[in-house]
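Input: a single structure, listed below in structure tokens.
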Amino acid sequence: MWALYPDDAEAQARMWQRINVAAHYVFPVTEERLVLPRVMAPLMSRQADETKICEALPVIDYHFQQVNKRLADSRFLAGDAVSLGDLFMYPVIDATCAAPEGQKLVGAMNKLCFSYGEMGERNSDRQTCWSNPASFIAD
């Protein structure tokens with residue numbers, strides 16, 4: 001676990017900041033207002049709540065823009081090495097990308113898209129990821 005902590009105190013503070021942003025800002029809005037209504041509702045034979053999704057997209061876009069800005073100066077969220085901050089944020093982004101709207105938002109942000117892709121190439125992700133989340137969405 002300690003290998004996922006940056007060496008210096010400033011980077012550790014950034015890591016904890018990113019963990020809290022993922023847990024308290026990005027995850028709640030993406031999960032409750034996009035992933036559940038768009039991806040999970042069809043699995044339960046329910047209609048997606050289009051109003052909830054449409055209202056959430058600008059908020060999700062804002063949060064992802066902030067994450068994208070944080071990646072402007074470093075390869076990962078707390079520096080040039082993967083940290084717990086990235087491991088908290090990645091599954092939130094991954095679940096968001098299970099929805100077409102989430103894919104579009106993330107795809108429009110170069111740094112976030114690159115970081116997301118790079119994290120997805122890690123062996124740990126390949127061993128634990130959803131096989132094809134887009135298949136969850138009913139036509």
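Some notes on this structure:
Residue-by-condition table, conditions (1) out of contact with any strand residue (DSSP E or B) (no Cβ under 9 Å at 6 or more places or on another chain); (2) among the aliphatic types (A, V, I, L, M):
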position: Gln47; (1), (2): yes, no
position: Phe64; (1), (2): yes, no
position: Leu71; (1), (2): yes, yes
position: Gly85; (1), (2): no, no
position: Phe88; (1), (2): yes, no
position: Ala95; (1), (2): yes, yes
position: Pro100; (1), (2): yes, no
position: Lys111; (1), (2): yes, no
position: Met119; (1), (2): no, yes
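- If you check Phe88, Phe64 for being surrounded by 15 or more Cβ atoms within 10 Å (Cβ to Cβ), within 21 Å of Asn123 (Cα to Cα) and touching a helix residue (DSSP H, G or I) at 6+ places or on another chain (Cβ under 6 Å), only one passes: Phe88.
- Members of the range 14-45 found to be modelled with pLDDT of 95 or more and more than 17 Å from Val92 (Cβ to Cβ), listed by number: none
- Being outside any helix (DSSP H, G or I), loosely packed, with under 13 Cβ neighbours inside 10 Å and in contact with a helix residue (DSSP H, G or I) (Cβ under 9 Å, 6 or more places away or on another chain) is a description that applies to Ala72.
- Taken over the range 53-76, the criterion of being within 28 Å of Pro37 (Cα to Cα) and of a type in the set (A, V, I, L, M) is satisfied by Ile53, Ala56, Leu57, Val59, Ile60, Val67.
The values are calculated or read from the model by the stated rules, or taken from the named source; none is laboratory data. What you see is a predicted model, and the numbers here were worked out from it, not measured in a lab. Don't worry about glycine lacking a Cβ; one is built from the backbone with ideal geometry, like all the others, and counts go over all protein chains shown.
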